[in-house]
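The structure appears right after this line, and notes come after that.
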Amino acid sequence: MFKRISGTKDILPDEVSRWQKLESDARAVFSLYNFTEIRPPLLEDAALFNRSLGTATEIVQKQMFLIPNQEETYALRPEGTASVVRAFIENNLDKKGGLAKLYYLGPMFRKERPQKGRLRQFHHIGCEVIGGLSPELDAEVMSLAHHLLRVFGVSGYRIKLNSLGCAGDRQKLAFSLREKLSGRRQELCEDCVERLDANVLRILDCKNPGCRAIVDSLDSASTHLCPDCKKHYDGVKVCLGILSVPFEESPRLVRGLDYYTRTVFEITHDGLGAQDAVAAGGRYDTLVSELGGPSLGAIGFAFGVERVLLAAPGDASRASAQGVFVIPIGDEARQAAVRLLGELRCAGVSCDTEYQGRSLKGAMRLAHDQGARWAVIIGENELRSQTVMLKDLASGEQREIAAGQLVSHIRAGADAQSS
Ligand code: HAM
């Protein structure tokens, strides 16, 4: 017996309707903001992620699924931003004029220790806007995330906001943090001792209580902003107010990927336990040029779909009954059923039948279980008179109708149901 790999999930037929609804709701909202979909491959050159996310980040150091291939190493993508930027540059999407507003849906892969809300194959619904620098755009992107969550039916979330500033501000912050923390090396957790040299900003959002207490006694990140970055940050906050997007400033928020500049945000939900971020994102104004493209500002975010589904209320209401269940009685009727199913499907009517030789009673039960709206029974009498017995499974009413009239009866019934 084979089992699925730990940290992966089968999305079973019972759950798949929630996924499909989330995906179609997301597509509808993205189109309101004039985004179009992009589908980059799941496999990329591992060097793309080393370069974009940073060699000192946990994802690059420990979490990538790598596939050696002759001289190169491929990676199953751990996130979407680097791939979208690579695709944007490689396909000259900047030459198509204006701003590129792109969204994507699909699996991401990280070799993490699996736990509730943390998988090795998980899914993102994300977006990237490449080509804009204005604070209004940051607010629009954040309000899009807020809009999506409301449409997904999630409530009780918190939007945390910070600005890391430009490269110079980050360097200043890193320098001053290193200075303040070097003398307290012994008090830091093992990971933060490593971070002190490799990625000192990550100490700011360490979850260890001891490290937290130390960090709480330090200056906040936004006090290191240069005048331009401060102006940008203030502009973002004003526009979020105009758009009525609730947010909390969170000066310790630094994010675990190196490409961020200026605005960063994370959306958390208290009902999720330790892995409480449903979405995260921010601005990355230097990444496009660092990957060989033009000098363009950019911003984006990604939702963890599994976490959104954990935070969203389950839809207990059964989908309204639809479709036809054809029940033949006897061998001759089986062939008539084959023809009828073909005709119904060509006419765009969803239908199914019974293939396992159940009794009429058993077949009727199956029709109910499958959520059919009508049962169509064909027996000897019906065959002789070229009729069918049409039973409305909601009301229990049944009547004999000409076989040739079935589609129009079904359509009329469906119209009456939807009006
Ligand atoms: P990220 O914070 O690494 O950002 O991931 C975004 C979201 O993906 C998280 O907030 C979380 O909901 C979900 N997530 C991450 N890891 C896992 C996991 N192992 N299992 C389940 N869900 C997970 C990014 O990936 C950036 N590319 C976001 C972005 C887009 N920034 C700018 N543009």
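If you take the residues of segment 293-337 that are surrounded by 12 or more Cβ atoms within 10 Å (Cβ to Cβ), of a type in the set (A, V, I, L, M) and away from the ligand (no atom under 16 Å from the Cβ), which of them is modelled with the lowest pLDDT? Looking at the filtered set, the residue picked out is ALA321.
LEU218 falls short on exactly one of the conditions (1) touching a Gly at 6+ places or on another chain (Cβ under 8 Å); (2) assigned to a loop (DSSP other than H, G, I, E, B), and that condition is (1).
Residues that are over 13 Å from VAL84 (Cα atoms) and in contact (Cβ under 8 Å) with a residue 60 or more places away in the chain within segment 33-50 comprise TYR33, ASN34, PHE35, listed in sequence order.
Can you find even one residue in segment 401-413 that is in contact (Cβ under 8 Å) with a residue 12 or more places away in the chain and in a loop (DSSP other than H, G, I, E, B)? No, segment 401-413 contains no residue that is in contact (Cβ under 8 Å) with a residue 12 or more places away in the chain and in a loop (DSSP other than H, G, I, E, B).
Among the residues of segment 45-66, the ones that are on the phi < 0 side of the Ramachandran plot and either aliphatic (A, V, I, L, M) or assigned to a loop (DSSP other than H, G, I, E, B) (or both) come to 12 in all.
Are any of the residues in segment 233-240 within 16 Å of the ligand (Cβ to nearest atom), at pLDDT 95 or above and outside any strand (DSSP E or B)? Yes - at least one qualifying residue is present in segment 233-240. Inside segment 1-60, residues that are more than 16 Å from the chain's Cα centre (by Cα), of a type in the set (A, V, I, L, M, F, W, C) and under 30 Å from ASP205 (Cβ atoms) make up a count of 9.
Per the conditions (1) exposed (fewer than 15 other Cβ atoms within 10 Å of the Cβ); (2) under 19 Å from ALA279 (Cβ atoms); (3) of a type in the set (Gly, Ala, Ser), the sole criterion not satisfied by ALA167 is (2). Examine segment 78-94 for a residue that is in a strand (DSSP E or B), surrounded by 14 or more Cβ atoms within 10 Å (Cβ to Cβ), in contact with a strand residue (DSSP E or B) (Cβ under 9 Å, 6 or more places away or on another chain) and touching a residue at least 12 places away in the same chain (Cβ under 8 Å), and state whether such a residue exists. Looking for residues that are in a strand (DSSP E or B), surrounded by 14 or more Cβ atoms within 10 Å (Cβ to Cβ), in contact with a strand residue (DSSP E or B) (Cβ under 9 Å, 6 or more places away or on another chain) and touching a residue at least 12 places away in the same chain (Cβ under 8 Å), one finds none in segment 78-94, hence no. When each of GLY357, GLY304, GLY300, GLY293 is tested for being more than 30 Å from GLY80 (Cα to Cα) and of a type outside the set (Lys, Arg), the lone residue that passes is GLY357.
Does segment 254-264 include one or more residues that are surrounded by fewer than 16 Cβ atoms within 10 Å (Cβ to Cβ) and either of a type in the set (Lys, Arg) or more than 16 Å from the ligand (Cβ to nearest atom) (or both)? Within segment 254-264, not a single residue is surrounded by fewer than 16 Cβ atoms within 10 Å (Cβ to Cβ) and either of a type in the set (Lys, Arg) or more than 16 Å from the ligand (Cβ to nearest atom) (or both). Within segment 340-348, is even one residue touching a residue at least 24 places away in the same chain (Cβ under 8 Å), surrounded by fewer than 18 Cβ atoms within 10 Å (Cβ to Cβ) and not hydrophobic (A, V, I, L, M, F, W, C)? So far as segment 340-348 goes, yes, one or more of its residues are touching a residue at least 24 places away in the same chain (Cβ under 8 Å), surrounded by fewer than 18 Cβ atoms within 10 Å (Cβ to Cβ) and not hydrophobic (A, V, I, L, M, F, W, C). Of note, LEU173 satisfies the criterion of being assigned to a helix (DSSP H, G or I), touching a His at 6+ places or on another chain (Cβ under 6 Å) and farther than 14 Å from SER250 by Cα. A residue that is β-branched (Val, Ile, Thr) and within 16 Å of the ligand (Cβ to nearest atom) can be found somewhere in segment 66-82. Is it true that LEU177 is within 30 Å of ARG195 (Cα to Cα), hydrophobic (A, V, I, L, M, F, W, C) and surrounded by 20 or more Cβ atoms within 10 Å (Cβ to Cβ)? Against the criterion (within 30 Å of ARG195 (Cα to Cα), hydrophobic (A, V, I, L, M, F, W, C) and surrounded by 20 or more Cβ atoms within 10 Å (Cβ to Cβ)), LEU177 qualifies.
Tell me whether segment 321-333 contains one or more residues that are without any contact (Cβ under 8 Å) to a residue 24 or more places away in the chain and of a type outside the set (S, T, N, Q). The answer is yes, given that some residue of segment 321-333 is without any contact (Cβ under 8 Å) to a residue 24 or more places away in the chain and of a type outside the set (S, T, N, Q).
Scan segment 148-163 residue by residue and report those that are surrounded by fewer than 17 Cβ atoms within 10 Å (Cβ to Cβ) and either among the hydrophobic types (A, V, I, L, M, F, W, C) or within 17 Å of ARG27 (Cβ to Cβ) (or both). ARG150, VAL151, GLY153 - these are the residues of segment 148-163 that are surrounded by fewer than 17 Cβ atoms within 10 Å (Cβ to Cβ) and either among the hydrophobic types (A, V, I, L, M, F, W, C) or within 17 Å of ARG27 (Cβ to Cβ) (or both). Looking at segment 353-383 only, could you name the residues that are in contact with a helix residue (DSSP H, G or I) (Cβ under 8 Å, 6 or more places away or on another chain) and without any contact (Cβ under 8 Å) to a residue 40 or more places away in the chain? Selection gives THR353, GLU354, ARG358. Where residues in segment 274-292 are within 8 Å of the ligand (Cβ to nearest atom) and of a type in the set (A, V, I, L, M), which of them is nearest to LEU48 (Cα to Cα)? Out of the qualifying residues, it is ALA280.
The values are calculated or read from the model by the stated rules, or taken from the named source; none is laboratory data. Here the structure is a predicted model, which means the values were calculated and not measured. Because the Cβ atoms are built from the backbone with ideal geometry, glycine has one as well, and the counts that use them run over all protein chains shown.
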